[in-house]
1. For segment 1-44, which fully contained strands (runs of 3 or more DSSP E) count at least 2 residues that are closer than 20 Å to Glu104 by Cβ?
2. Looking at Glu104, Glu89, Glu93, can you tell me which residue is acidic (Asp, Glu), part of a helix (DSSP H, G or I) and free of Cβ contacts under 8 Å to residues at least 60 places away in the same chain?
3. Every residue in segment 101-117 that is more than 19 Å from Phe72 (Cα to Cα) and of a type in the set (Gly, Ala, Ser), please.
4. Just one of (1) surrounded by fewer than 22 Cβ atoms within 10 Å (Cβ to Cβ); (2) in contact with an Asp or Glu (Cβ under 8 Å, 6 or more places away or on another chain) trips up Lys95, so point out which.
5. (1) at pLDDT 95 or above; (2) not in a loop (DSSP other than H, G, I, E, B): which one isn't true of Glu166, the others all being true?
6. Out of segment 1-52, which residues are free of Cβ contacts under 8 Å to residues at least 12 places away in the same chain, out of contact with any helix residue (DSSP H, G or I) (no Cβ under 9 Å at 6 or more places or on another chain) and closer than 21 Å to Asp86 by Cβ?
7. Test each condition in (1) surrounded by fewer than 16 Cβ atoms within 10 Å (Cβ to Cβ); (2) more than 23 Å from Phe18 (Cβ to Cβ) for Ser126 and report the one that comes out false.
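The values are calculated or read from the model by the stated rules, or taken from the named source; none is laboratory data. All figures in this text were calculated on a predicted structure; none of them were measured in a lab. Glycine also receives a Cβ, built like all others from the backbone with ideal geometry; neighbour counts cover every protein chain displayed.
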Amino acid sequence: MILTESVKGLENTSAKDFSLPGADGKTYSLADFADAKVLLVIFMCNHCPYVLAVLERLNRLSAEFKDKGVVFVGINSNDSSDYPEDSFEKMKELKIDFPYLHDESQEVATKYHAVCTPDIFVYDESRQLKYHGRIDDNWKEESEVEKQELKEALEKILNGEEIPREEQNPAMGCSIKWKR
């Protein structure tokens, strides 16, 4: 496991299109989420301890913001030939409350400049990146969280407020497992 932080300096870039199979048997593209007021794209996987530690938090946030027009989408870009626990079949076993897509070619992760799991990108209604950071200030111990940064960011975006760069701490987690 190599600890990696998300790339900085991507503010106000546009969401990139994709067409990826979901663990639910459907194929999704960016257009499938056109009605979302806010789109949260999270690069994640099945085995990363950082993802597993925050998965329930993500499920709760997804449920909390669903009626406000916020849509969560998970994307697994890990190379499953070296990491079989991240295979498409294993993705179907993970309990998440939002679409979980398979980026087998890793092209989508490359287009988004995703580097770690979890790597969170939050886009406003015009699909401009407004938040690229961590979920909160304590990935490991939820009981010790003092600042829910992702939740605050979602609220600000829904209210049309800007999120200053200095309020966006990089996400950190395992590096995406790139194909050789």
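1. The strands (runs of 3 or more DSSP E) meeting that bar are 19-21, 27-29, 38-43.
2. Step by step, each of Glu104, Glu89, Glu93 is checked, and only Glu89 is acidic (Asp, Glu), part of a helix (DSSP H, G or I) and free of Cβ contacts under 8 Å to residues at least 60 places away in the same chain.
3. If the condition is that a residue be more than 19 Å from Phe72 (Cα to Cα) and of a type in the set (Gly, Ala, Ser), then Ser105 is the only one that fits.
4. Answer for Lys95: the failing condition is (2).
5. With (1) at pLDDT 95 or above; (2) not in a loop (DSSP other than H, G, I, E, B) applied to Glu166, the lone miss is (1).
6. Gly25, Thr27, Leu52
7. (2)
Table: residues versus (1) of a type in the set (S, T, N, Q); (2) in contact with a Gly (Cβ under 8 Å, 6 or more places away or on another chain).
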residue: Asn46; (1), (2): yes, no
residue: Val51; (1), (2): no, yes
residue: Phe65; (1), (2): no, no
residue: Asp79; (1), (2): no, no
